[in-house]
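None of the figures in this text is laboratory data; all of them are computed from the coordinates on show. Only a predicted model underlies this, so the values are computations on that prediction, with no experimental measurement involved. A quick note on method: Cβ atoms are made from the backbone with ideal geometry, for glycine too, and the neighbour counts reach across all protein chains shown.
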Amino acid sequence: MRVKPADGRAMRWPGTLRLLKYSGEDVPETAFWLRAKAKGDVVEAKDAVSEAGASSAGDEPVPGRALVAGAKE
């Protein structure tokens, strides 16, 4: 499934703690990601094909944004 962090949130990959790209990434349908989706930490992202023309500006975290899901700035 393809997900991206919900607006105003950041999400980390379990194990590596790497931030999930704001433009969205394919993730396995594990309990971790399904739970994050149910809690509203991540939302469904469009397929990569439909985002092909999109800018890559949203791929990396923006300095000053929250680094923890659900944290307020």
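Brief remarks follow.
- The number of residues in the range 1-46 that are in a loop (DSSP other than H, G, I, E, B) and aromatic (F, W, Y) comes to 2.
- In the range 26-35, the residues that are surrounded by fewer than 18 Cβ atoms within 10 Å (Cβ to Cβ) and under 14 Å from D47 (Cα atoms): D26
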